[in-house]
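Let me begin by presenting the structure, written as structure tokens, before commenting on it.
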Protein chains: 2
Amino acid sequence: MNAQPLLNYINKYVSLTEEEALFLISKITFRKYLKGQYIVQQGDICKKQCFIISGCTKTFYMDANGQEHIILFAIEDWWTSDMGSFTTQTSADFNVQCIENTELIEITYDDSEELLLKIPKLERFFRKIVEKAYASSQKRIIRSFSLNAKEQYLYFKEQYPSIEQRVPQYMIASYLGITKEFFSKIKSQLAIED
Amino acid sequence: MNAQPLLNYINKYVSLTEEEALFLISKITFRKYLKGQYIVQQGDICKKQCFIISGCTKTFYMDANGQEHIILFAIEDWWTSDMGSFTTQTSADFNVQCIENTELIEITYDDSEELLLKIPKLERFFRKIVEKAYASSQKRIIRSFSLNAKEQYLYFKEQYPSIEQRVPQYMIASYLGITKEFFSKIKSQLAIED
DNA sequence: CTAAAAAGTTAATCTATATTAACTATTTTT
DNA sequence: AAAAATAGTTAATATAGATTAACTTTTTAG
């Protein structure tokens with residue numbers, strides 16, 4: 001495997017010198033997960049941030065009744081992790097599980113600290129991607145307040161057409177915060193409308 | 001007014017030299033807003049990030065039906081702004097309005113870019129505070145999925161007892177994503193339970 | 001290839017919360 | 001201090017979405 005997808009991604013935000021890129025590469029690990037495997041488990045301290053080369057993950061919270069609530073999916077060229085747990089090295093609120101066989105690049109907490117010290121440009125890089133993630137998290141809160149289930153589904157479909165195709169429907173229902181039964185109903189209503 | 005509250009806050013994350021602190025101070029502006037005034041309006045490009053010295057603001061989204069949805073309150077020692085609009089300099093999704101007379105420190109977009117270049121330590125500082133904000137935004141998504149209205153209210157009460165005292169009840173209802181009538185009902189139920 | 005498990009659908013009933021409306025209490029303005 | 005405006009409450013009715021259960025379709029494993 002090669003680190004090119006990650007380097008390309010970083011280069012959209014900051015320009016690394018060849019030396020910096022080599023140091024970065026020396027600090028990352030390639031890893032393959034099988035479908036079903038966990039990258040992070042609720043309660044663990046999240047030790048790494050992951051950049052997905054291929055595959056798909058879901059980040060979800062398991063509530064007191066054993067119900068899964070998916071808060072985001074991640075695919076190629078996205079980061080995945082429990083950010084809150086990673087940055088504060090406290091126990092994770094979320095699970096991150098592979099829903100396809102997944103190849104990714106892992107950066108551990110200690111290595112990321114070292115990387116940030118040696119390549120201060122990466123502070124800027126990570127700041128910018130967290131800003132983006134934060135803005136989209138806030139937009140999601142708005143949507144859950146101001147759109148009903150059907151409207152939220154139509155938004156999801158439009159924003160992430162590729163994800164809709166590759167994940168089971170019951171996970172989309174979970175992402176939308178509704179039951180699979182009600183999701184079924186919405187889809188059949190929409191099918192009639194066209 | 002003085003910049004000490006901001007300097008104290010920053011020093012919890014990174015240590016500024018005296019020279020850096022002076023440069024920072026040269027780039028900030030003190031400003032007073034009256035209750036009711038807007039710091040950012042939906043549709044504007046958000047030109048500044050604000051650190052609150054005293055007072056209280058609400059950040060809300062006005063939907064197509066003219067309904068307000070409060071996504072967060074901010075008080076002394078908190079930052080407020082439309083982060084998504086500020087960082088990408090695109091039009092804001094949110095309004096930020098003062099709900100008390102409010103004194104704050106403003107940093108404009110251009111000045112913040114300059115500050116980040118001259119004091120790279122601040123990249124680290126802003127990265128860390130955005131990470132914190134992102135983590136709490138994700139936790140809010142979880143709560144809205146896994147707790148009912150009464151449970152969310154109890155959580156809010158416990159987390160932000162001081163905010164509960166100082167803002168009108170109908171704004172708390174909006175923050176919780178419920179109507180003021182249903183919020184009233186919840187409170188009277190809780191009153192009976194004790 | 002078949003059996004078992006997992007995923008998805010449909011319909012009936014139930015519930016948390018919204019809506020409407022009428023009323024009371026509090027704050028602001030004159 | 002009265003009038004007007006804003007904020008908060010209560011109760012009746014309505015609705016989006018949950019729950020339960022029975023069923024069909026698709027995927028996985030032996």
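For the reader, a short list of remarks on this structure follows.
- The set of residues in region A:75-124 being without any contact (Cβ under 8 Å) to a residue 40 or more places away in the chain and more than 9 Å from chain B (Cβ to nearest Cβ) consists of A:Trp78, A:Asp110, A:Glu113, A:Leu117.
- Condition check for A:Ser144: within 16 Å of DNA strand D (Cβ to nearest atom) and either over 13 Å from A:Phe73 (Cα atoms) or of a type outside the set (Ser, Thr, Tyr) (or both): yes
- Of the helices (runs of 4 or more DSSP H) that lie entirely inside region B:1-99, not one contains 2 or more residues that are under 30 Å from A:Asn148 (Cβ atoms) and within 16 Å of DNA strand D (Cβ to nearest atom).
- Condition met for B:Ile186 (of a type in the set (A, V, I, L, M), open to solvent by less than 70 Å² (accessible area, probe 1.4 Å) and more than 16 Å from DNA strand C (Cβ to nearest atom)): no
- Test: residue in region B:25-41 that is crowded, with 17+ Cβ neighbours inside 10 Å and within 14 Å of chain A (Cβ to nearest Cβ): yes
- Qualifying residue in region A:127-143 (condition: within 14 Å of another protein chain (Cβ to nearest Cβ), free of Cβ contacts under 8 Å to residues at least 24 places away in the same chain and not in a helix (DSSP H, G or I)): no
- Residue in region B:108-117 that is within 30 Å of A:Ile70 (Cβ to Cβ), buried (at least 16 other Cβ atoms within 10 Å of the Cβ) and over 18 Å from the mean Cα position of the chain (by Cα) present: no
- So B:Tyr153, is it more than 14 Å from chain A (Cβ to nearest Cβ), within 16 Å of DNA strand C (Cβ to nearest atom) and either under 23 Å from B:Thr102 (Cβ atoms) or assigned to a loop (DSSP other than H, G, I, E, B) (or both): no
- Among the residues listed as B:Glu181, B:Glu193, the single one being modelled with pLDDT of 95 or more and open to solvent by 20 Å² or more (accessible area, probe 1.4 Å): B:Glu181
- Matching option when the condition is over 23 Å from A:Tyr9 (Cα atoms) and either away from DNA strand D (no atom under 16 Å from the Cβ) or buried (at least 19 other Cβ atoms within 10 Å of the Cβ) (or both), among A:Glu164, A:Glu158: A:Glu158
- Listed by first and then second residue, the pairs with beta-carbon distance under 7 Å, at least 6 apart or on different chains, first residue in region A:162-178 and at positive phi, second of a type in the set (S, T, N, Q) and more than 9 Å from DNA strand D (Cβ to nearest atom), are A:Gly177/A:Ser144.
- When residues in region A:11-48 are screened for being more than 20 Å from A:Phe86 (Cα to Cα) and touching a strand residue (DSSP E or B) at 6+ places or on another chain (Cβ under 8 Å), 4 of them pass.
- Hits in region A:163-178 - residues which are outside any helix (DSSP H, G or I) and more than 12 Å from chain B (Cβ to nearest Cβ): A:Val167, A:Pro168
- Subset of region A:46-74 (residues that are away from chain B (no Cβ under 14 Å) and over 22 Å from A:Ala173 (Cα atoms)): A:Lys47, A:Lys48, A:Cys50, A:Phe51, A:Ile52, A:Ile53, A:Ser54
- Unmet requirement for B:Cys98, which otherwise passes all of (1) closer than 28 Å to A:Met83 by Cβ; (2) surrounded by 21 or more Cβ atoms within 10 Å (Cβ to Cβ): (1)
- Residue within region B:142-152 that is open to solvent by less than 50 Å² (accessible area, probe 1.4 Å) and among the aliphatic types (A, V, I, L, M) present: yes
The values are calculated or read from the model by the stated rules, or taken from the named source; none is laboratory data. Owing to the predicted nature of the structure, the values given are computational and were not obtained by experimental measurement. As a convention, Cβ positions derive from the backbone with ideal geometry for all residues, glycine included, and neighbour counts pool all protein chains shown. Note: areas computed on protein heavy atoms with side chains; ligands, DNA, RNA excluded. Shrake-Rupley method; radii C 1.70, N 1.55, O 1.52, S 1.80 Å.
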